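Let me begin by presenting the structure, written as structure tokens, before commenting on it.
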Amino acid sequence: MNIEQMILHVNCQKGKKVEFINNIADIGGGRSEITLDKKEGICGTFVVENVDSRKNGWLKLKIDNESCRENCNLELENPIVLEFNIREKPEKITAMYLFNDWWTRPEFVTDFGEIPERTQIAFFKYQDKYGCFVPMAGTQYKTYLTTGEEKRIKLQMTAYMAGMSSVEEPVFLYTEDSSLYAAIEKAFCWLADYKGICLKKDRRLPEMFRYIGWCSWDAFYQEITEEKVRKKAQELKEKDVPVRWILMDDGWLSQKEELLYDYIPEKEKFPLGFSSMIQDIKEDGQISWFGVWHALGGYWGGIQSGSVLEQIEKEHLCYTINGKILPGYQEENAFGFYRDWYEYLRKEEIDFVKVDGQSAVKNYFENSVPVCVAAEGIHKGLEGAASYLDGAIINCMGMAMENMLARPISAVSRNSDDFVPAKENGFAEHLLQNAYNALYQDELYYCDWDMFWTSHEDCIKHSLLRAISGGPVYFSDKIGETNAEVLFPLGCQDGKILMMDRAAKPTEDCLFKNPLEEGVLKLTNIATHGEKEKAGGVAVYNLTEKMQEFSFSPKEIWDIEKADWYWIYDYFQKKAFLCREDEVIESFLESGGYAWYQIIPGKGEGTFLGLVEKYVGFAAVESQYIKENVMTGVISEQGNIGILAKKRPNRIFCNGEDITEQITENGMLYTIALENKVQKAVLTVIWE
């Protein structure tokens, strides 16, 4: 991406507008620069740094102010607008834009004139390369991509605070590579380093999120009570559903007119608080962890004036210019507020929190504090306080870039707008958001693809999505409506998810076309098979209204273990076959159809498929060793165990017992039904 000319619009208060038009000049050392000659008291510089396949744009701007006269500083809405004429426009663009304050979704366009407002990251396709363009969230200001022209990029900068007289900020980051996945990774490696936050690989996933959970939201909405929670826990026990954690969502708090007046649960709903209920439920079943929901501001509108809570936390609160009372935006004040709350919650046996409404920072602190200052301070304070809960947070409604780049260490972030059970054709939009948001959010976080209903008409589609999501898995059925069979393929008998290594992401041929209108959406992911080997899979969804043909190949999974040939297992058709690395498999799906293909690197006479009834059953293979005509392996638990083989095994032993007579054959799939489901299976397979 080569910039030829910059047009800078400076929009000041009282209607004052100043425009600069400059060509960019190479000054050597991998830097290009524009000097803004002083105009109406405004001057500055714009610099582009070029390092390998990365470009960074930086703006420095100053408005002269007189000491005792009326001044005209920057306006609130769009104080800085930059336009760049570029030499080569991409062939295709996928623009990830904020369709509300909290979430992004993709728009598939062909030039900069079609880019939606409030685009916060864009992917470019050229003939021989890909680009990742990130409008920056800096120290005070954040930048959006917005609608430009065919070969002109347009950016808007704002701090959501009027009257500022200077800007010294990063404007954009741009990276290139022959692979879009690699270009995105380069971008977020630089961003994490620049902002002083962890990449996903350095964030610790709290233990409870490795197990299946249940959330109260779509079951009760705000009408949650102790009686209802107890009844749901009893149902899960009676149905032997392997749920290990419960999240009590919105509705438990002491609030009035969306303002929080106390830390404690609402007394009419939870008369004795949480601890006795939680202790009873934990002692009576498999539930090991409980969590609660709250908004970043305490509740949606903040803290109630004159309340007990305001008096207790007064030194930790911020009183904004628009009349809100909020946890303080300075790190130490935010820490103090959340620490006091979380100390209380721990005493009530609460293990984790879901913190919602995070991208309301700009609305909460507008005209009081620059948006990036507020986001950085409040997130650092929140995460420091969460040490009282072992750092266990689900971040939610927080995909604005100022939030994403402000969280130091928390591991989990919601990846889409809500699952809405009654929304007509809601599955397609839910999948679309999650698939494309994961392209970039996965670089920093374990992506939470939200809860679902096991009794929903799209429950199998949702269940498969959660299996390949690489993040937490939880559901939200009403009392009496949980279908344990829908959850069964997701994990082990103890509720532990057979979790994949990263977020599921679209294949290269799906990156720049709208799957709601043409073709299919294909998602890939990988997981460990044995001790070190990486196997994977391709999920295929037809989101259009007509039958679609499709094809896939093992090489589309860029991070799978490399091999000359692969085993392919069609999960829903229960068929296995062999495939060369570059071979293309063709098939079709009816409207609304879906498929899941497990793909395992081939070697020797066969391989362990693992637990055949699980979506990611190969991840249950803890170890595998193949030498000549003998294969040994350990499966994490018993059940229906699959072996993929070119020919029928002559002998099979399980934990020292000859079980050859128990083999069921279906083409290249050989299945053994083992009854001691909680015990590991140590298998030896012999071909003579």
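The values are calculated or read from the model by the stated rules, or taken from the named source; none is laboratory data. Computed from a predicted structure; not experimentally measured. Positions of Cβ are generated from backbone atoms using ideal geometry, with glycine treated the same way; all protein chains shown enter the neighbour counts. Protein only, heavy atoms only, side chains kept; ligands, DNA and RNA dropped before computing areas. Shrake-Rupley method; radii C 1.70, N 1.55, O 1.52, S 1.80 Å.
Quick notes
- Virtual paramagnetic centre 7 Å along Cα→Cβ of residue 207, amide N under 20 Å, in segment 281-296: 281-292
- For residue 354, distant residues with modelled amide H under 5 Å away: 292, 293, 294, 394
- Dipole magnitude of segment 137-283 about its Cα centre (Cβ charges: Lys, Arg +1; Asp, Glu -1), debye to nearest 20: 380
- Rounded to the nearest 10 square angstrom, residue 371 shows an accessible area of 0 square angstrom against a 1.4 Å probe.
- The Cβ shell under 11 Å around residue 511 holds other residues with a net charge of +3, Lys and Arg each +1, Asp and Glu each -1.
- Measuring how big segment 1-80 is from its alpha-carbon positions, Rg and Dmax come out at 14.6, 48 Å.
- Ordering 510, 167, 687 by Cα displacement along the dipole of the chain toward the positive end leaves 167 in first place; charges were set at the Cβ atoms of Lys, Arg (+1) and Asp, Glu (-1).
- Backbone amide hydrogens, once placed in the peptide plane, bring residue 137 within less than 5 Å of 143, excluding anything fewer than 5 places away on its chain.
- Inter-label distance for residue 625 and residue 280, nm, one decimal - labels placed 7 Å from Cα along Cα-to-Cβ: 5.2
- Across segment 73-201, counting alpha-carbon atoms alone, Rg and Dmax equal 14.8, 45 Å.
- Full-extension gain in nm, residue 580 to residue 62, via 0.36 nm per residue minus C-alpha separation: 180.4 nm
- Degrees between helix 459-468 axis and first principal axis of the chain (Cα, 0 to 90, nearest 10): 80
- In plain terms, if you count all Cα to Cα distances in segment 501-614 and split them into 10 Å steps from zero, the share in each step is 14, 47, 32, 7, 0 percent.
- A P(r) calculated from all alpha carbon pairs of the chain, with 20 Å bins opening at zero, reads 17, 46, 30, 6, 0 percent.
- A probe of 1.4 angstrom, applied to the heavy atoms of all protein chains, finds residue 38 with accessible area near 130 square angstrom.
- In segment 548-688, a dipole from Cβ-located charges (positive for Lys and Arg, negative for Asp and Glu) runs towards its positive end, and of 572, 557, 663 it is 663 whose Cα lies farthest in that direction.
- Solvent-accessible surface (1.4 Å probe) assigned to residue 238 amounts to roughly 130 Å².
- With 20 Å as the limit, the listed pairs 201/522; 232/282; 231/354; 201/603; 125/513; 38/62 have 201/522; 231/354; 201/603 beyond it between alpha carbons.
- Segment 566-622 - charge dipole about Cα centre, Lys and Arg +1 at Cβ, Asp and Glu -1, debye rounded to 20: 160
- Hydrodynamic radius of segment 455-528 per Kirkwood, over alpha carbon pairs, in Å: 13.9
- Unit Cα scatterers, Debye sum, segment 439-484: log10 I(q)/I(0) for q = 0.24, 0.30 Å⁻¹: -0.83, -1.09
- Value at 222 nm in deg cm²/dmol, rounded to 500, when DSSP H runs of n ≥ 4 in the chain each add -39,500 (n - 2.57): -5000 deg cm²/dmol
- Proportion of all alpha-carbon pairs of segment 84-142 beyond 17 Å (%): 41
- In order along segment 207-220, phi translates into HN-Hα couplings of 4, 4, 7, 8, 10, 6, x, 10, 10, 7, 4, 6, 7, 10 Hz, rounded to whole numbers, per the Karplus curve 6.51 cos²θ - 1.76 cosθ + 1.60 with θ = phi - 60° and x for Gly and Pro.
- The trypsin sites (Lys or Arg not before Pro) found in segment 375-434 that occupy coil by DSSP, while having at most 12 further C-beta atoms within 10 Å, are 423.
- Segment 291-338 and segment 117-156 have Cα centres spaced 34 Å apart.
- Projected label points at residue 152 and residue 587, each 7 Å from Cα along the beta carbon direction, are separated by 4.9 nanometres.
- Sequentially through segment 378-383, phi angles give Karplus couplings (6.51, -1.76, 1.60; θ = phi - 60°) of 6, 5, 5, x, 4, 6 Hz, Gly and Pro residues having no value and appearing as x.
- When you filter the GluC sites (Glu not before Pro) in segment 521-616 for DSSP loop state and at most 11 other Cβ atoms inside 10 Å of their Cβ, you are left with 531, 545, 590.
- Close amide H contacts of residue 668 (hydrogens built in the peptide plane, cut-off under 5 Å, sequence separation of 5 or more or a different chain): 576.
- Cα lying deepest toward the dipole's positive end in segment 1-145, options 138, 85, 74, charges on Cβ: 138
- Debye log10 I(q)/I(0) for segment 280-356, one point scatterer per Cα, at q = 0.22, 0.24 Å⁻¹: -1.01, -1.15
- In sequence order, segment 138-146 has phi-based couplings of x, 7, 10, 9, 10, 10, 10, 7, 9 Hz under the Karplus curve 6.51 cos²θ - 1.76 cosθ + 1.60, θ = phi - 60°, and Gly or Pro positions carry x.
- Rounded to 10°, Cα long-axis angle of helix 331-347 versus longest principal axis of the chain: 30
- Using Cβ point charges alone (K and R +1, D and E -1), the dipole size of segment 359-434 about the Cα centre works out to roughly 120 debye.
- Segment 379-431: projected area of the alpha-carbon convex hull, averaged over directions, in nm²: 4.5
- Projected area, mean over directions - segment 241-391, Cα convex hull, nm²: 9.0
- Span per principal axis, largest first, for the Cα atoms of segment 554-607 (Å): 37, 22, 16
- C-alpha long axis of helix 426-441 to longest principal axis of the chain, angle in °: 70
- The percentage of C-alpha pairs in segment 43-135 whose separation is greater than 20 Å is 53%.
- Alpha-carbon spread of segment 559-688, three principal axes, descending order, Å: 46, 31, 27
- Neighbour-limited loop hits for GluC sites (Glu not before Pro), segment 420-468 (at most 11 other Cβ within 10 Å; DSSP other than H, G, I, E, B): 424, 457
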